[in-house]
1. Against the globular-protein guess of 2.2 N^0.38 Å, express the Cα radius of gyration of region 11-86 as a ratio, rounded to two decimals.
2. What residues qualify as long-range amide H neighbours of V70, i.e. H under 5 Å apart, gap of 5 or more or another chain, H built at 1.01 Å from N?
3. Between L20 and Q48, what's the calculated FRET efficiency when r is the beta-carbon distance and R0 is 41 Å? Round to 0.05.
4. Would you mind ranking M72, M33 by Cβ crowding within 10 Å, fewest neighbours first?
5. Can you pull out the trypsin sites (Lys or Arg not before Pro) in region 18-91 whose DSSP state is coil and whose Cβ has at most 15 other Cβ atoms within 10 Å?
Amino acid sequence: MPPVLSCVAVIPARWASSRLPGKPLADLAGVPMVLRVLAQAEAAHRIQRALVATDDPRIAAVVAAAGGEVVMTDPTLASGSDRVAAAWTGWACIPTWCSIFRATCRWCRPAISTP
């Protein structure tokens, strides 16, 4: 049986936003938005694993260059929730809790995001 993690944070990050294409890489005070969200997820003390689920190699490259974990997903997926579900496919662990961190989490205090 695969190991069990108590909490995994998954950040869906899609390039082709209809309102703001490339939003995950938008500069927020010198840091791409997706990295701000990833930092908040990693800072939440009960989260054991944080990763970005993306459909775009530009986002993946920025996250990987910063030392983050990336899972590539199908660009035709309709929603962030679908992207999170796709990221779970093939995991070698079973999370007992999954927290989805959206772009709005970029300024949240990590304690707020902790289950």
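FYI, it's all coordinate maths here, none of it is from the lab. Given the structure is predicted, the values throughout are model-derived calculations rather than measurements. Note that we place each Cβ from the backbone using ideal geometry, even for glycine, and neighbour counts take in every protein chain shown.
1. Details: Rg = 11.8 Å, N = 76, 2.2 N^0.38 = 11.4 Å.
This ratio for region 11-86 stands at 1.03.
2. Amide H neighbours of V70, under 5 Å, 5+ apart: V52.
3. Numbers: r = 31 Å, r/R0 = 0.76.
The pair L20/Q48 has a calculated efficiency of 0.85.
4. Values: M72 15, M33 19.
Fewest-to-most ranking of M72, M33: M72, M33.
5. Within region 18-91, the qualifying trypsin sites (Lys or Arg not before Pro) (loop, at most 15 other Cβ atoms within 10 Å) are R19, R46.
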